[in-house]
Structure formats: structure tokens, C-alpha cells
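I have placed the structure first, in the form of C-alpha cells, so that the comments after it can refer back to it.
The values are calculated or read from the model by the stated rules, or taken from the named source; none is laboratory data. What you are looking at is a predicted structure, and each value in this text was computed from that prediction instead of being measured. Backbone-built Cβ (ideal geometry, glycine too); neighbour counts: all protein chains shown. Only protein heavy atoms, including side chains, enter the accessible area calculation; ligands, DNA and RNA are left aside. Shrake-Rupley method; radii C 1.70, N 1.55, O 1.52, S 1.80 Å.
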Amino acid sequence: MKSLINKILLLTLTLIFIGFFLIFTAIWYFSTDLPDFDFLKNYKPPVSTKVYNSSGEIIADFSRQRRSFIKYEQIPKKIIYAFLSAEDKNFFKHPGIDAKGITRAVFKNIENIISGSRLEGASTITQQVAKNFLLTSDVSLSRKIKEAILAFRIEKTLSKQRILELYLNEIYLGERAYGIASASMIYFDKSVNEINFAEAALLASLPKAPSKYNPYKKNNLAFKRKNWVLSRMYENNFIDKKTFSEEKNRKINLKKKKITLFENSLFFSEEVRKNLYEKYGEENLYKGGMYVKTSLDNDIQLISINALIKNLESYDKRHGWRGPVNENVSLEEFKNIVLNKKNNYRNKKLALVTEVSNDKINIYTEENINTTINKQNFQWARRYISSDYKGPKIKNANQIVKANDLIFVSKNKKTGEYILDQIPIVNGGVVVMNPWNGRVYALVGGYNFDLNQFNRVTQAKRQPGSAFKPFVYAAALENGFKPNDLILDAPFVLDQNKGEFKWKPSNYGKKFYGLNTFRSGIEKSKNLTTVRIAQKVGLDKINSISKKLNIYNEPIQILSYSLGSGETNLINLASAYASFVNGGKKISPTLIDHIQDQNGKTIFKNKKIECYGCNKDYLKGKPPTIKYNFEQVFSDSTAFQMVNILKGVVDRGTAKKIKNLNIELGGKTGTTNDNFDAWFIGFTPNVLIGVYVGFDEPATLGKKETGSKAALPIFRDIVKQLNLNTDRPFFKVPPSIKLEKIDVNSGKIVKLKSKNTIVEGFKINSMTKKTNSINPVNNGIY
């Protein structure tokens, strides 16, 4: 008997020894190629770059993953309790592996194998950190052993707080959200400090299966899982019975972060993204966690968007109905189209025509409503023939649509009635900026970013036409011309290419005006007056100014450039106009004011604006002053004269439609050959607005669609809604300028005021000179 006991004891010890040997061998074997985890001590996960407008509201989030990093000290206890209850209740007690949890999982999995259920894991939070940061997600025994070894080692190196911080910032919680801070915003539009126990429990329910328990897609499953987490919190004494009952019955409002700001600023934020990508690279842009403060004013941006949309749609409708989106669409096909619709059509919805009679169109909308379009709401839809011609007036609905046509509709905001609609094919852009420093307040690159991301403010290269003329006149004023000089407006012929052909510019409407004043050449946008001035001044001087102001990169020495035949974009042309307002200085348009890295260190600041004395106590000396460091392109006296002339465009010229706004305004319309492009660049004392309208595939807008008709109304609708100080002068009259009353028609200085009298600004050193008179006889210009 004693011998048997000894044998059993020896066998037991042998088995124990073999077991320890096998365990030791396994640990040694799997430890040889384990990854290094020292980087976890100072690891910071990739964080998205966030872009903010001037009011501090987020307008863009650039990342491959949605993630915001939050330190352990900033994590609310309720979130910690929720995740510990759901994932690892013994986290602060075990050394990296939970022996009790493993034992429980072993017995539970035996039952699951017998019943054919899914096997359960027993990974601790530390093991999940090891897997997420250091290992793959493959399901294998070797990975689990490595995970356990790493968990032990991580626990010896890092504090429990650091491990939990890594876990809660790295864990995937669905909807592209990584970490609790990002998930809290995506599911509740709240910071982590604002969420309640129920919301914390819902977040803690997601790591197990983010897709399965996604509350946006599978609400019932998600809330059952949330209640289970709350019950575990109660069992673990993290909450009391009363709190458990209250939170279990609390209604959770899922609320995705407002995306209105994102949608309204897509063209602007995309320009910011390209700028950041070019300057800091892809890695910093999508993982560097930069803080980017921009100059975007959300109110001005929204005003600009609405003005552009309204007037593009107005242009589109006055040129006629282009027909339905599609024909012969069944109800089932329509529902599939709506279900798979990806684009945002702003205020327009798809509808299926179900029946047509003389005075109404019956439709079935994408909101599953059967309703009617009445005659007054489709009478606009005369058939489009060309940019200049439409079909006959609408007598009945059968002229427009038929049953099973797919169409767009919109709603009248006042009456709620449905209106027949269509997506404009014409497009355009708007930029609003500060003319003194170039800060861009608003940038709208087109009708709809979802439909077309091409930016007509920064990417569309188009001829500016007459909108370029002010720079010809500025060059002339810099070289001795006066605003009241007389210029002959008469036929002009120039041999080109060694006489192979003749260039014969003409005025709009084919008119000739004879001798007229210098300023009237701008006010009435006279081509022949402008060409003669350009020839007298010299293209080299004009091109020099256009190049300095970044209108043209390499202007060509041909006279047609004086009429805007080169190509530029809206943002460059608009910023060049700022030189008239700010006293002749070149400004560069800027969208970004300030950038910090994820540690709060400033890595970019708009250095064109400097504050002198801001670091001193101004109570003990002079107050601080703001100084703009910009290049002087032409004199402040020339700038003053040009502002005065461009005000005349509004008072008497091609922009007189906006005179009744009773605001100090100046600006210039622009229309290119055959009315392919329409422009208006206008300004107040402190805001400059540029507008462009045209087709992406160049084509005529129509013979009546000038800058005054197509572009100017957009400017009008914007400037009417801006909160402007109407009493402020443009700027102080420079010491080198003397003001005199002149007759606007003859240009002569007068003493008495009359209806034809205006106040003109003259450079003092030009007052002794006689009035210039350019004509065919004494100047040799034909």
C-alpha cells in the first residue's frame, strides 16, 4: 500500500514537473518573437485634424478614423464603471489575466459546445490592449498565448490608469468612431462629461459587436445590451438600485452631430484640406490631430450660399424646362431609386408623375405622399430651345410631362404647395473677403458640392472680360491720366500677325460714344475707350500691375488683354480689387488664421497681421497698434481715384440696379465675348464680394445675360443681408488728393452744383496739367 502511494506521489510530481516544463517551454517559445511594447508608455493614437470657423464651431474633421484623444483624468467615472462592468470587472485586481474569468469561460464554453452556441472569450482589458496594439485579430491558440504573455508584461510596465486610458481611446465603437470621446459626439452629440449612466452603458455595450449593437441600425438589440450593462453596474455596486431603475427607463436620444455647418462649408473646408495636405503632408493631416482656426463666418457663408442658389435657379427657370429626369419609371423602380439615392439635392425631392390633366400634375413623392402640382406652379416650364429661345406658353400640363416621368419637385415655404423643379446646369461661385487683410469670410464654389466638387472660385479659369478694365485705368492713373481726361470712343482697327487679320473690337450694342470722359469708360464699360487708353499707357505697364496682383501669371503682350481676354479665377480677381479699397496694397486671400499641433503648439499664424505693443501694458504707454505688412502695388491716391470711379459704376453705370440699396458701394460688372461668362466684383468700406456665373463646359449664357443681369443680383442679395456700417467712408482722403466738383459729362471743373455735378479726386501734382485728349488725329490712333 505504501509502495502504491509512493508511486502515485511520484507520478503526480512527475506530471507537475512535466506541466511546468511544458508551460515554461511554451512561454519561452512564444516569447522569442513578441513585439516590443515600450512605445505604449508615450503612445498617442492618431487623432483627426479638426477645422473650426471664426466662431469656434467645427466645420470639418479630417481623418481616416473618427478619433479624439482624452486623458485618463478627464474620463468620467460613470464611463469607467460602465466599461469595467461590461468588459472586465476585476481589472484593478488581476495581474493582466483574470483566472476566475478564464475558469468561468471554460465551463461556459463546454455548455456552448454541447448546445452549438458561439464560444465566449475571457480577455481582460489588458489583453485587449495587447491585441489591439501589438497583435493581429486572428483566432488561434498561439495568439491567445502571446496575448496572455504580453498582458503580464504590460501590467508590470504600465499603470492600470495608463492601460485603461489606452483602451478607452483605441477601442472601436462603430460608425467609424474610435475611442469614447469620438463615439460620444457621434451617438449623442455630447462631450463625455455630459453623458449620463444610460448613455455610458450604451457606449460600453458596443465593443462586443459594434455592428450588431449599432443603435442607429438595430435599436432593440442595442438597448437590451445597454440594460444588461446597467444590471452589471448594479451587481458590481457601481450604481445603487434607484439609479439602476431610473437609468434603465431613461429615454436615450440618439443625435448625430449637426452636419449643417459641414454641408454649408464643404467648398471652403475642401480648400483648407488641400492647403493642409500640401503644407504638412498626408500623415499630419489625417493623423496629426491639428487644430485649425479659419476665417469662415458661418452667417456670411449661409447668406452667400442662399444668394447663389436662388439666382442660379432663377436663371435656369427663365431659360425653360429641359424635361424629366427619366421616363417610363414604374412605382417599384421609383422606390428603389429613392432607396439608393446618394446625392443631396438641397431643397429638391424626387417625385413620380402618376397622372396628368390640363391644370394639374398628380405625383407620388419620395416621402410616400400622393399630392398635386397646381398650374401656377408649373407654368414657368416652357420648353428650353436654346439660351435665347423657349417654347410656347404653357396651356396644359401635357405639354410638360406624362405619367411615369421622374421629376424633381420643391415646396413653397409659405404655402406648402409642391412646385415643378429641376437642377440647374448653369453654375457659379461667390467669395467674400476682408479687403484690408485678405481674410476670406465665405467661399461657395458652386451650386451643390455633392453633385460636383469642382470649385468655380479657385479652380475655374475664365476670361474676366470687362471686370479686368479697372486695372487698365489704374495703370493709366499711375502714369499721368486724370479722371476727367477726354478719350475718343470710335471704331478701332489693328493689324495682327503681320497683317494677316485685323482686330476690330466693339462696344456692347455696337455703339460709338465719341469724345467722353476717362471715368465714363469704366462706368459704361466702353471697350473702344479702354483699348485707346491701354495703347497709350502701354501693355508692359498694365501687365506689370496684373502680374503683381496675381491676376495673370504670364500675361501676353496683346492689346485684347486690356479687355480681359486672358484667363484667371474668381478668388485672384476679387483679391486684386481689394487693392482699390485698401490704398493700393496687394493682399493674398487667406482661409486659415491659426494652426496648432495636438500638443497645443502654434505651428502657423497669419503673419501678415501684426500687433505692435500687444505684449506691453498699454496703460503705461501708447496703446497697441495693428499693422498690415502688404506690398504697395500702386499709390494710395490712384486707389482713391479708382474707388471714386467704381462708385460711379453703381451710381450711373452698368451696376446702377443696386444704387437704391443706399449703401456706399463700388464695383464693376464683367461680360465676356458672346456672354460666356458673367462677373461682378463689388465692395463696401470693409467687405469685398466676388461673383461669377457660367457653364462648366463653356457656352453662351444668352444674349441678354450680362454681368449686370446674371451676376449682379447675387451680389445684391448678399450685401442687403450683411450688417454694414453705411456711414463709414471708404478711407481718408490721401494728402496728395484734392477734391473738386466736375461736370460728369464734359469733365470740366465747375463751381456751382447741379444734377450733373460730382466730386472728383485729383492728384495735386496733376492739377497744373491740361486735360488729356486722345483722338485719332493728334495721337495717331486709328
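Taking residues in the range 138-161 that are under 11 Å from Ile97 (Cβ atoms) and part of a helix (DSSP H, G or I), and partners anywhere that are at pLDDT 80 or above and open to solvent by 40 Å² or more (accessible area, probe 1.4 Å), the pairs with Cβ atoms closer than 9 Å and at least 6 places apart or on different chains are Ala151/Pro95; Phe152/Pro95; Glu155/Pro95.
Within the range 565-601, the set of residues being hydrophobic (A, V, I, L, M, F, W, C) and either open to solvent by 10 Å² or more (accessible area, probe 1.4 Å) or more than 30 Å from Ala60 (Cα to Cα) (or both) comprises Ile571, Phe580, Val581, Leu591, Ile592. Within the range 290-306, is there a residue that is closer than 22 Å to Val430 by Cα, open to solvent by 40 Å² or more (accessible area, probe 1.4 Å) and touching a Gly at 6+ places or on another chain (Cβ under 9 Å)? Within the range 290-306, one or more residues are closer than 22 Å to Val430 by Cα, open to solvent by 40 Å² or more (accessible area, probe 1.4 Å) and touching a Gly at 6+ places or on another chain (Cβ under 9 Å).
Of the residues making up the range 687-709, just one is open to solvent by 10 Å² or more (accessible area, probe 1.4 Å), part of a helix (DSSP H, G or I) and small (Gly, Ala, Ser), namely Ser708. Provide a single number: the residues in the range 729-749 that are modelled with pLDDT of 90 or more and open to solvent by 40 Å² or more (accessible area, probe 1.4 Å). The number of residues fulfilling the criteria is 9.
Residue count for the range 660-686 satisfying the condition of being modelled with pLDDT of 95 or more, more than 18 Å from Arg318 (Cα to Cα) and aliphatic (A, V, I, L, M): 1.
Of all residues in the range 668-699, those satisfying the criterion of being without any contact (Cβ under 8 Å) to a residue 60 or more places away in the chain and either of a type in the set (D, E, K, R) or closer than 21 Å to Val744 by Cα (or both) are Asp674, Glu697.
Based on this model, can you work out whether Asn362 counts as over 30 Å from Lys601 (Cβ atoms) and open to solvent by 50 Å² or more (accessible area, probe 1.4 Å)? The answer is no for Asn362.
Please work out which residue is farthest from Leu573 (Cα to Cα), limiting yourself to the range 659-686 and to residues that are hydrophobic (A, V, I, L, M, F, W, C) and buried (at least 21 other Cβ atoms within 10 Å of the Cβ). Taking the candidates together, the pick is Leu665.
For the range 399-432: of the residues being of a type in the set (Ser, Thr, Tyr) and outside any loop (DSSP other than H, G, I, E, B), which is nearest to Gly690 (Cα to Cα)? So, considering only residues that are of a type in the set (Ser, Thr, Tyr) and outside any loop (DSSP other than H, G, I, E, B), the one nearest to Gly690 (Cα to Cα) is Ser410.
Assess whether Asn253 counts as being among the polar types (S, T, N, Q) and open to solvent by 50 Å² or more (accessible area, probe 1.4 Å). Yes: the conditions hold for Asn253. Applying the set (1) among the hydrophobic types (A, V, I, L, M, F, W, C); (2) buried (at least 18 other Cβ atoms within 10 Å of the Cβ); (3) farther than 27 Å from Lys44 by Cβ; (4) at pLDDT 90 or above to Trp228 leaves exactly one unmet item: (2).
Each residue in the range 501-515 was checked for being in contact (Cβ under 8 Å) with a residue 60 or more places away in the chain and either open to solvent by less than 50 Å² (accessible area, probe 1.4 Å) or of a type in the set (Phe, Trp, Tyr) (or both), and 1 pass. One residue stands out among those in the range 433-462 that are of a type in the set (D, E, K, R), open to solvent by 10 Å² or more (accessible area, probe 1.4 Å) and not in a strand (DSSP E or B): the one that is nearest to Gly320 (Cα to Cα), which is Asp450. I'd like to know if the range 567-574 contains one or more residues that are touching a helix residue (DSSP H, G or I) at 6+ places or on another chain (Cβ under 6 Å) and within 23 Å of Val643 (Cβ to Cβ). Within the range 567-574 (the criterion being touching a helix residue (DSSP H, G or I) at 6+ places or on another chain (Cβ under 6 Å) and within 23 Å of Val643 (Cβ to Cβ)), the answer is no, since none of the residues qualifies. Applying a threshold of 9 Å to beta carbon distances and a minimum spacing of six or more residues, or different chains, the list of pairs starting in the range 533-559 at a residue that is within 19 Å of Gln496 (Cβ to Cβ) and at pLDDT below 95 and ending at one that is of a type in the set (Asp, Glu) and in a helix (DSSP H, G or I) reads Gln557/Asp540.
Screening the range 69-96 for residues that are outside any loop (DSSP other than H, G, I, E, B) and loosely packed, with under 14 Cβ neighbours inside 10 Å and picking the one that is nearest to the chain's Cα centre (by Cα) gives Gln74.
Among residues of the range 551-564 being touching a Lys or Arg at 6+ places or on another chain (Cβ under 9 Å) and surrounded by 18 or more Cβ atoms within 10 Å (Cβ to Cβ), the one that is farthest from Ser466 (Cα to Cα) is Pro555.
Residues that are open to solvent by 10 Å² or more (accessible area, probe 1.4 Å), over 14 Å from Ile533 (Cβ atoms) and at pLDDT 95 or above within the range 463-500 comprise just one, Gln463. Restricting the range 231-243 to residues that are of a type outside the set (Asp, Glu) and either in contact with a strand residue (DSSP E or B) (Cβ under 7 Å, 6 or more places away or on another chain) or open to solvent by 40 Å² or more (accessible area, probe 1.4 Å) (or both), the residue that is farthest from Ala86 (Cα to Cα) is Lys242. In the range 635-658, of all residues being in a helix (DSSP H, G or I) and of a type in the set (Lys, Arg), the one that is least open to solvent (accessible area, probe 1.4 Å) corresponds to Lys647.
In contact with a Leu (Cβ under 7 Å, 6 or more places away or on another chain), among the aromatic types (Phe, Trp, Tyr) and open to solvent by less than 50 Å² (accessible area, probe 1.4 Å): does that describe Phe268? In short, yes. I'd like to check something: does the range 722-742 contain any residue that is in contact with a Phe, Trp or Tyr (Cβ under 6 Å, 6 or more places away or on another chain), among the aliphatic types (A, V, I, L, M) and outside any helix (DSSP H, G or I)? Yes, the conditions are met somewhere in the range 722-742.
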